[in-house]
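Engineer: Encoded as structure tokens, here's the structure I'll be asking about.
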């Protein structure tokens, strides 16, 4: 079960990083983020 949960968490993290990465700098700014914070924000989402 741990393996499945870890895989699902990794997928959520990866999908979040990809989605946020597609946004423009202006869109990220509107969300109160800068590009360097994407991975940190994605980790918090887990």
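Engineer: Select from segment 23-36 the residues that are in contact with a helix residue (DSSP H, G or I) (Cβ under 8 Å, 6 or more places away or on another chain) and part of a helix (DSSP H, G or I) and list them in ascending order.
Structural biologist: Start the filter on segment 23-36 by keeping residues that are in contact with a helix residue (DSSP H, G or I) (Cβ under 8 Å, 6 or more places away or on another chain), which leaves 25, 28, 33-35.
Residues satisfying the conditions are 25, 28, 35.
Engineer: Let me ask something else. Filter segment 1-20 for residues that are assigned to a helix (DSSP H, G or I) and more than 8 Å from the chain's Cα centre (by Cα) and give the result.
Structural biologist: First, pick out the residues of segment 1-20 that are assigned to a helix (DSSP H, G or I): 2-20.
Once the filter is applied, which keeps residues that are assigned to a helix (DSSP H, G or I) and more than 8 Å from the chain's Cα centre (by Cα), segment 1-20 yields 2, 3, 4, 5, 6, 7, 8, 9, 10, 11.
Engineer: Report, ordered by the first and then the second residue, all pairs with beta carbons closer than 7 Å, sequence separation of six or more or different chains, a first member in segment 1-25 that is closer than 20 Å to residue 41 by Cβ, and a second member that is exposed (fewer than 11 other Cβ atoms within 10 Å of the Cβ).
Structural biologist: Once the first residue is closer than 20 Å to residue 41 by Cβ and sits in segment 1-25, its partners that are exposed (fewer than 11 other Cβ atoms within 10 Å of the Cβ) give 9/46; 12/46; 13/46.
Engineer: Looking at residue 17, is it in contact with a helix residue (DSSP H, G or I) (Cβ under 9 Å, 6 or more places away or on another chain), at pLDDT 95 or above, loosely packed, with under 11 Cβ neighbours inside 10 Å and on the phi < 0 side of the Ramachandran plot? Please lay out each step first, then the result.
Structural biologist: Values: in contact with a helix residue (DSSP H, G or I) (Cβ under 9 Å, 6 or more places away or on another chain): yes; at pLDDT 95 or above: yes; loosely packed, with under 11 Cβ neighbours inside 10 Å: no; on the phi < 0 side of the Ramachandran plot: yes.
Answer is no for this residue.
The values are calculated or read from the model by the stated rules, or taken from the named source; none is laboratory data. Given the structure is predicted, the values throughout are model-derived calculations rather than measurements. Here the Cβ is made from the backbone with ideal geometry for all residues, glycine too, and neighbour counts use every protein chain on show.
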